[in-house]
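Everything on this sheet refers to the single structure shown next.
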Amino acid sequence: MTISVGSDDMERFWRDPERLSQVFGDVGTVSSPESEIFVWTLSIGAGEVHTWRTRLHTADGELRFVAVSGDDANSDSSNDATVVVRYRSAPVDMGTEVTLKADMPFPDLFTETVLFKVLYRARALLQTGEAPTLSNNPSARKGAH
C-alpha cells in the first residue's frame, strides 16, 4: 500500500504503541512496557484473546517484531508470532510503499483480513490524522435514535 508520508514518519508510526492500538481498533491493542518490547493482545472472537510479547529488530527499511518466549525478552522464540513491516520510497515522490506480513497462530483468512484493515486504517491515520471508525455512527444500529 502506498501512504503519502515519508519513511521516517512511517517508522515512527510503527514504533508507537498508542497509534498501533488505534489502528487495530476493536481487534486488539499494543503496549510497550520497556524499550524495544511490544505486547500484542488480539481478540479473535467468541471471547478468545491471545497475548504475546515481541522484541523489535530493525534493518534498513524493515521493522520485525519477533515473539519472545515467556517473560524473558532476551530469548527469541522461533515458534511464535512475527510481524514484519517493510517500507521503501514510492515512485515519483508519492510517499512510502509499505507491506505488512504476519506469521500468527490464527487462520490465514483472519490474519489477511486484519492486516488489510490495519494498513487501511494506518494510511488514513497517517494521511488525515483520523482512523476510520463506525463506533459513533448510529445508523443501522439496533436501538439507535
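Values quoted throughout were computed directly from the atomic coordinates according to the rules given, and no laboratory measurement underlies them. If you're wondering where the values come from, they're calculated on a predicted model, not measured in any experiment. Virtual Cβ from ideal backbone geometry, glycine too; neighbours counted across all protein chains shown.
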Summing +1 for each Lys or Arg and -1 for each Asp or Glu, what net charge is found among the other residues whose Cβ lies under 9 Å from the Cβ of V83? +1
Projected label distance in nm at D26 and K117, using a 7 Å step from Cα toward the beta-carbon: 0.8
Restricting attention to segment 1-53, which GluC sites (Glu not before Pro) occupy a DSSP loop and are surrounded by at most 16 other Cβ atoms within 10 Å? E36, E48
Can you compute the modelled spin-label distance between D103 and T58, with each label point 7 Å from Cα toward Cβ, in nm? 2.3
